[in-house]
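Note sheet for the following structure.
Values quoted throughout were computed directly from the atomic coordinates according to the rules given, and no laboratory measurement underlies them. Not measured: the values here are computed from a predicted model. Every residue, glycine as well, gets a Cβ built from its backbone with ideal geometry; the counts of neighbours run over all protein chains shown.
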Amino acid sequence: MMSTATPSLPFVVCTPAEAAREIATEMLDLVASRARAGRSAVFGLATGRSPLEIYAELVQRVRTTRFALDNVWTFNLDEYLGLPARHPQSFAHYMRERVFGPLGIHRERGILPASDLAPSQVAAHCRAYERAIAEVGGLDLQILGIGRNGHIGFNEPGSTRECRTREVMLDETTRADAAANFGGLERVPTRAITMGVATILEARRIRVLAFGASKSAIVRRTLEDAVGPDVPATYLREHSDVRLYVDAAALGGLSRSGANR
Ligand code: F6R
């Protein structure tokens with residue numbers, strides 16, 4: 001008989017700073033254990049507000065300890081299409097300023113989808129992105145935020161469980177949320193390249209962040225709605241090593257009984 005049980009998503013209720021300390025420790029432990037095995041750790045990284053404290057924590061640990069992160073591989077989830085590579089709102093700029101520069105990650109090891117491709121180049125670029133992840137052994141740990149519409153990466157509502165790295169049209173909620181950064185909705189790109197849901201779910205570990213009251217409605221739907229394309233974040237419930245870090249505001253009125261500690 002087929003089970004009708006809905007898979008659940010383990011979550012931890014904590015502050016952003018506590019999440020950052022725990023995840024940074026996990027990442028540095030992975031770097032050390034992969035180094036003992038003679039290989040580099042491979043991280044999938046997100047931009048946006050949610051992971052900022054993790055990056056700041058990593059920068060601080062690298063500055064104050066003997067840890068080096070210069071030999072990791074990192075792959076970003078997504079990038080806007082149609083922006084010059086050095087545009088201040090490009091995710092490449094965000095990563096250079098906050099992560100690659102301060103952590104000393106060489107540009108060949110800190111990889112993002114390109115933002116300035118001609119339409120004829122996009123499909124081959126997306127295939128090459130998937131290949132590049134596979135060639136370094138796949139993602140050891142993926143960091144994710146959740147969009148208010150339930151997107152992960154830029155896998156907007158409607159994205160299937162099987163989709164892979166590809167060009168997407170951005171949802172109006174996503175564009176509206178970015179409008180302030182771009183100085184107006186009309187300046188926000190309409191298209192992007194994103195890792196697919198299948199690409200994300202192949203990561204060996206996934207750590208998800210959702211903080212603040214603006215995330216409470218989507219956290220509830222991520223935890224409770226049927227798994228499927230209406231809320232792509234629900235697909236995370238099918239992963240065997242996933243953890244959601246939420247603060248009390250993002251958990252809203254939900255019971256903490258699902259918390260895994
Ligand atoms: C960013 C990304 C997005 C964000 C999400 C949450 O690279 O892929 O899915 O993680 O929109 O954004 P914040 O963290 O700004 O709330």
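One table, with the values for the structure above:
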| read-out | value |
| --- | --- |
| Overall form of the range 52-117 per C-alpha gyration tensor (a/c, 1.5; a/b vs b/c) | prolate |
| Environment charge of SER214, counting only residues whose C-beta is closer than 11 Å and scoring Lys/Arg +1, Asp/Glu -1 | +2 |
| Under 12 Å, Cβ to Cβ, from PRO16 - net charge with Lys/Arg +1 and Asp/Glu -1 | -2 |
| Prolate/oblate/rounded label for the range 179-219 (Cα gyration tensor, a/c 1.5) | oblate |
| Largest-first principal axis extents, alpha carbons of the chain, Å | 45, 44, 41 |
| Neighbourhood charge, 15 Å Cβ-Cβ cut-off, centred on VAL231 and excluding it, Lys, Arg +1 and Asp, Glu -1 | 0 |
| Simple Cβ-charge dipole of the range 1-146, Lys/Arg +1 and Asp/Glu -1, about Cα centre, in debye nearest 20 | 360 |
| Equivalent ellipsoid semi-axes, the range 2-98, via Cα gyration tensor eigenvalues times 5, rooted, Å | 24, 22, 16 |
| Relative contact order, percent, the chain [alpha-carbon distance under 8 Å, six or more residues apart] | 25 |
| Paired Rg and Dmax values of the range 38-189, which use every Cα atom, in angstrom | 15.6, 48 |
| Bins of 5 Å from zero: percent of alpha-carbon pairs in the range 142-188 | 5, 21, 27, 25, 15, 6, 2 |
| Fewest-first ranking of HIS106, HIS93, HIS151, using other Cβ atoms within 10 Å as the exposure measure | HIS106, HIS93, HIS151 |
| The range 156-261 shape via C-alpha gyration tensor axes, a/c threshold 1.5 | oblate |
| Cα centroid separation, the range 194-261 to the range 68-114 (Å) | 25 |
